[in-house]
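What follows is a set of notes on a single structure, which appears directly below.
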Amino acid sequence: MKTIIEPFRIKVVEPIRMTTREHREEVLRKAGFNVFLIDAEDVLIDLLTDSGTGAMSSEQWAGIMRGDESYAGSISYHRMYNRVKEVTGFDHILPTHQGRASERILFEVMAGPGMIVPNNNHFDTTRANIEHSGAAAIDLVIDEGHIASDRYPFKGNMNIQKLENLFEQKGKEKIPLVMITITNNSGGGQPVSLENMRAVRKVCDRYGVPFFLDACRFAENAYMIKMREAGQQDRKIPDIVRDMFDLADGATISAKKDGLVNIGGLLLVRDDVINMQARNLLILTEGFPTYGGLAGRDLEAMAQGFEEVLHEDYLQYRLRSVEYLGERLVAAGVPIVEPPGGHAIYIDAAGFCPHIKAENLPGQAVVCALYRNAGIRAVEIGTLMFGGNQTKPDMELVRLAIPRRVYTQSHIDYVVEAILEVYAIRNTLKPLEIVEEPPQLRHFTAQLREIG
């Protein structure tokens with residue numbers, strides 16, 4: 001059949017509060033034109049993030065009722081541990097309350113002043129945690145990854161030559177680890193090929209440096225490998241996933257993405273010494289190693305989520321839903337990052353609003369227009385998010401992140417209609433400027449104002 005249906009039935013519904021344009025205008029101004037500061041009840045369709053915003057299955061809710069809340073050695077921890085070990089092959093598995101906690105522990109252990117951590121593209125909290133340790137975060141995505149309209153199938157790949165040049169120029173002593181984000185969130189949710197990961201592994205082996213994955217969306221990356229990479233079409237998703245993890249010395253995972261849960265994360269390592277150091281920090285700041293800041297019920301939900309995310313019918317539906325939104329926008333002439341990624345559609349805000357300069361935040365102008373006109377909350381990934389400290393991002397994007405198993409096709413059709421209405425009046429969108437900002441991760445709490 002041509003129609004890809006949702007591979008589930010809806011058992012519980014949550015009402016959406018319908019709002020007026022006048023109300024949204026007032027809300028937007030009170031929030032300082034920063035949609036992070038808008039209350040959820042004032043949002044119709046929330047595409048701010050796919051992190052922790054998905055719907056859990058009946059089996060996950062059943063697991064929540066089984067949760068063992070013992071402080072140490074709970075049954076729920078062992079269920080989670082055994083499932084994650086089966087999926088990834090790692091022996092050292094530390095739970096955390098979410099992915100950024102895993103990042104903080106990892107970089108406190110492995111990074112530090114004067115060091116450099118290369119990635120295809122670091123996302124916001126990853127970059128912030130690296131810089132908080134005193135190290136520098138360097139992006140080495142391939143050239144195709146900088147061009148929104150380029151349809152190269154693996155635009156998340158790392159530039160191997162640039163990685164080798166970095167080792168030669170800086171020396172392996174300055175590089176404590178190499179990281180790849182799968183899928184590449186900052187670069188449009190684009191996948192990384194197995195071939196590219198193997199090439200990175202070879203470079204790391206040659207210089208004796210560990211290779212880590214930022215594996216928040218590992219299953220979506222595996223499905224796109226199956227769909228796009230030569231020789232992978234007849235393979236099973238769990239086998240592709242295992243190939244990816246087998247290449248790595250460690251991984252950070254926000255289980256709020258492909259763990260299909262509302263809270264939780266993981267830090268995976270192979271080295272015994274690194275594991276011991278990370279475990280000590282975990283106890284200090286998160287909790288005992290068999291709960292890591294989570295309730296037993298969260299560990300149960302995570303164990304089930306790591307099973308369900310590998311189901312191919314789910315992944316087919318998941319990626320096709322995102323692709324459907326992208327196809328509708330492209331057909332209407334809206335510039336997006338192509339081809340569509342796994343968890344979100346990224347509008348090319350520079351192409352959408354060519355009359356607004358990067359320093360006046362064209363992405364945030366689109367974000368505000370979508371909320372003002374239709375009650376849709378998206379997020380800017382451009383100068384507001386990454387443009388602090390005199391840096392300039394490669395692209396000005398607006399991410400429409402689709403929560404897992406939450407919205408139906410009619411919701412997505414509404415999103416399409418809203419974007420097309422905003423696109424029709426794009427020349428009227430106003431530039432913005434920052435009025436107040438914190439020293440780090442400014443996009444979360446900055447106050448803005450429209451100019452003109």
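Work out, step by step, the length gained on full extension between S70 and R198: first 0.36 nm times the residue separation, then minus their alpha carbon distance; give nm to one decimal.
42.0 nm
When only the heavy atoms of the protein chains count and the probe is 1.4 Å, how do M115, M158, M56 rank by accessible area, highest first?
Putting M115, M158, M56 in descending order of accessible area: M115, M56, M158.
How long are the three semi-axes of the equivalent ellipsoid for the stretch 46-87, computed from the Cα gyration tensor as the root of 5 times each eigenvalue, in whole Å, largest first?
Ellipsoid half-lengths, sorted descending, are 24, 14, 11 Å.
Quick check: the distance between the Cα centres of the stretch 404-452 and the stretch 304-338, to the nearest angstrom?
21 Å
Relative contact order, percent, of the stretch 223-266 when contacts are C-alpha pairs under 8 Å separated by at least 6 residues?
Computed over the stretch 223-266, the figure is 23 percent.
So, in nm, how far is label E41 from label E417 when the simple model puts each one 7 Å beyond its Cα toward the Cβ?
For the pair E41/E417, the computed spacing is 2.6 nm.
Find out how many positive minus negative residues lie around R426, taking Lys and Arg as positive, Asp and Glu as negative, among other residues whose Cβ is under 14 Å from that of R426.
-1
Lys/Arg Cβ at +1, Asp/Glu Cβ at -1, dipole of the stretch 220-315 taken about the Cα centre: which of I283, M302, A255 is farthest positive-ward?
Checked the options; the winner is I283.
Please state the relative contact order of the stretch 130-234 as a whole percent: Cα pairs under 8 Å, 6+ residues apart?
Relative contact order comes out at 25 percent.
Taking N as the number of residues in the stretch 137-209, what is its alpha-carbon radius of gyration divided by 2.2 N^0.38 Å?
1.09
Could you sort the peptides 301-314, 424-437 by per-residue average Cβ neighbour count (10 Å cutoff), highest mean leading?
In decreasing order of mean packing, 301-314, 424-437 become 301-314, 424-437.
Take the solvent-accessible surface of the protein heavy atoms, probe 1.4 Å, and return the percent of it on the stretch 312-382 that carbon and sulfur atoms account for.
46 percent
In the stretch 99-133, which residues have a backbone nitrogen under 16 Å from the label point lying 7 Å from T285's Cα in the Cα-to-Cβ direction?
Only 99-113, 125-133 fall inside the zone, counting backbone N under 16 Å.
So if R0 is 45 Å, what FRET efficiency would T19 and T391 give, r being the distance between their Cβ atoms, rounded to the nearest 0.05?
Result of the calculation: an efficiency of 0.80.
Given Cα pairs under 8 Å that are at least 6 residues apart, what percent is the relative contact order of the chain?
24 percent
Quick check on packing: order 66-73, 262-269 by the mean number of other C-beta atoms within 10 Å, highest mean leading.
Highest mean packing first, the order is 262-269, 66-73.
Given a Förster distance of 41 Å, report the FRET efficiency between A62 and E26 from their Cβ-Cβ distance, rounded to the nearest 0.05.
Computed FRET efficiency for A62 and E26 comes out at 0.45.
Could you size up the charge dipole of the stretch 261-388 around its Cα centre, putting +1 on the beta carbon of Lys and Arg and -1 on that of Asp and Glu, and report it in debye to the nearest 20?
With Lys and Arg at +1 and Asp and Glu at -1, about 460 debye.
What would the Debye formula give as log10 I(q)/I(0) at q = 0.09, 0.10, 0.12 Å⁻¹ for the alpha-carbon point model of the chain, no solvent?
So the normalised log intensities are -0.56, -0.70, -1.04.
Among Y71, V330, N119, whose Cα lies farthest out toward the positive end of the dipole of the chain, if unit charges sit on the beta carbon of Lys, Arg (+1) and Asp, Glu (-1)?
Looking along the dipole axis, the top candidate is V330.
The values are calculated or read from the model by the stated rules, or taken from the named source; none is laboratory data. Since we're looking at a predicted model, the values are computed, not measured. Heads up, the Cβs are rebuilt from the backbone with ideal geometry, glycines too, and the neighbour counts pull from every protein chain shown. Heads up: the accessible areas ignore ligands, DNA and RNA and are worked out on the full protein's heavy atoms, side chains in. Shrake-Rupley method; radii C 1.70, N 1.55, O 1.52, S 1.80 Å.
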